[in-house]
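Worksheet: one structure, shown below.
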Amino acid sequence: MRPLYMVDTHSQYHKIKHQVDKAVLDVMESTAFINGKAVKDFSDHLAGYLNVKHVIPCANGTDALQIALMALGLQPGDEVITPSFTYIATTEVIALLRLTPVFVEVDPETFCIDPAAIEKAITPRTKAIVPVHLYGQAADMESILKIAEKHQLFVIEDNAQAIGCDFHFSDGSSRKTGTIGHVGCTSFYPSKNLGAFGDGGAMCTNDDLLAEKLRMIANHGQKERYYHEVVGCNSRLDSIQAAILDVKLAHLDAYCQARQAVAAYYDNAFSGTEKIRTPFKEAYSDHVYHQYTIILEGVDRDAFKAGLDKKGVPSMIYYPVPAHKQKMFEQFGVDALELPLTTYLTERVISLPVHTEMDEEQLEFIADAVLSLI
Ligand SMILES: *Cc1c(COP(=O)(O)O)cnc(C)c1O
């Protein structure tokens, strides 16, 4: 059997090696390493794929979130509502900008922020909501948009795990995640669904003014060279990464389908046991399975994980500690905050290998290993 990994970027590369190598060599020959044609081409192609007006590339997904928040003109102490059950970057940038993160519950079935919890957390200081499309499935954006409109709040989507995912509105229309709120932020970290060979990120928006601001902030606050209007930062996607991403973008739909096929295999394999809750699928969202995350019921997770390790099956806990329990947020006095559903998930979730290069033999081996341990 081929070796098992959480993500097999090596096999994926080898399938498209000729295209990738040529794209990289072309950039090297051009020596346009920063802001070269490859960056513009990729941004245009991504905007076309997502059907969004503006794609503003930047250095990584964390920067995308930070720059998006910087562009909104918020004041220190303004409150930003976010799930506690997420990767640290989502919440860290809020604190970094001297804004106040307000941690709320997620829906235990979808793992995404609970709109009812958002509504309850709104105060006169609330300025923005940052939903996370966790594991590759969209948060309930229709409900979130309604709340945001009612209370005049900004919506910044953390789309780092769900690029390519479609959200379906009740009127029958669909939009790609990351193009629904005021700004959508994504990451091209190598293990993400659209992964570079290094760091990368992007912001999406349909708002012309906001796009201009995002672009300016990512470029030292300048529109015209050496005339700096606002305090910004230096956050660029480099041309080599853009060229690689442009090659991989053409495969993104196929990559999503390969992940969905893996998920379908697992769903079926685990359908006979109540000890495993397989990912729940909402009608309003597709699922692009950045992670295949199950909930263990009545199973000792540590022993289960150790058993998988012993059999050579990789697994990961995303995430073992909710954001509001992290030491970095002690300053906000949120340690005592009770988020029972979030706690429930952090104690029971475990993610199994899912990537674009898995074969039936590997899937059967993993499924057998899982079933033998519960
Ligand atoms: C990966 C990730 C980020 C950060 O992206 P980087 O490119 O690593 O900075 C932010 N939010 C979520 C949910 C992520 O999974």
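Points worth noting:
- Between residue 97 and residue 45, the FRET efficiency from the beta-carbon distance, with R0 = 22 Å, is close to 0.10.
- Between the range 176-249 and the range 46-123, the alpha-carbon center distance in angstrom: 15 Å
- For the residues 78, 171, 158, a GNM of the chain with alpha-carbon springs under 10 Å puts the largest fluctuation on 171.
- Whole-percent carbon and sulfur share, accessible surface of the range 310-353, 1.4 Å: 56 percent
- Ranked from largest to smallest solvent-accessible area, with a 1.4 Å probe on the protein heavy atoms, 119, 274, 149, 229 come out as 274, 149, 229, 119.
- For the chain, averaging the sequence separation of C-alpha pairs within contact (under 8 Å, six or more residues apart) and dividing by the residue count gives a relative contact order of 22 percent.
- Neighbour net charge for residue 140 - beta-carbon separation under 9 angstrom, K R +1, D E -1: -4
- Most positive-pole-ward Cα, 182, 97, 46, against dipole of the chain from beta carbon charges: 97
- Accessible area expressed per residue, the chain, with surrounding protein chains retained (probe 1.4 Å, Å²): 44 Å²
- Applying the Karplus relation 6.51 cos²θ - 1.76 cosθ + 1.60 with θ = phi - 60° to the range 243-248 yields 3J(HN,Hα) values of 5, 5, 5, 5, 5, 6 Hz, where x marks Gly and Pro.
- For the residue pairs 146/281; 127/176; 22/213; 127/213; 176/281, alpha carbon separations beyond 27 Å are given by 22/213.
- Sorted largest first by accessible area at a 1.4 angstrom probe radius, with every protein chain in place, the residues 301, 259, 215 fall in the order 215, 301, 259.
- From phi via Karplus (6.51, -1.76, 1.60), per-residue ³J(HN,Hα) for the range 339-356 in Hz, x at Gly/Pro: 10, x, 5, 4, 4, 3, 5, 4, 7, 10, 7, 8, 9, 9, x, 8, 7, 7
- Rounded to whole numbers, the Karplus 3J(HN,Hα) couplings from phi for the range 318-334 are 10, 9, x, 10, x, 4, 5, 9, 6, 4, 4, 9, 3, 3, 9, x, 9 Hz, using 6.51 cos²θ - 1.76 cosθ + 1.60 with θ = phi - 60°, and x at Gly and Pro.
- For the peptides 239-247, 126-134, the ranking by packing is 126-134, 239-247, with the highest mean count of neighbouring Cβ atoms within 10 Å listed first.
- Calculated [θ] (222 nm, deg cm²/dmol) that DSSP helices of n ≥ 4 give over the chain, each run adding -39,500 (n - 2.57): -12000 deg cm²/dmol
- Relative contact order for the range 201-337: 11 percent, from Cα pairs under 8 Å spaced at least 6 residues apart, divided by residue count.
- Surface share of carbon and sulfur [accessible, 1.4 angstrom probe, percent] for the range 9-249: 53 percent
The values are calculated or read from the model by the stated rules, or taken from the named source; none is laboratory data. A quick note: this is a predicted structure, and the numbers were derived from the prediction, not measured. Neighbour counts run over all protein chains shown; Cβ positions are idealised from the backbone, glycine included. With ligands, DNA and RNA removed, areas are computed over all heavy atoms of the protein, side chains included. Shrake-Rupley method; radii C 1.70, N 1.55, O 1.52, S 1.80 Å.
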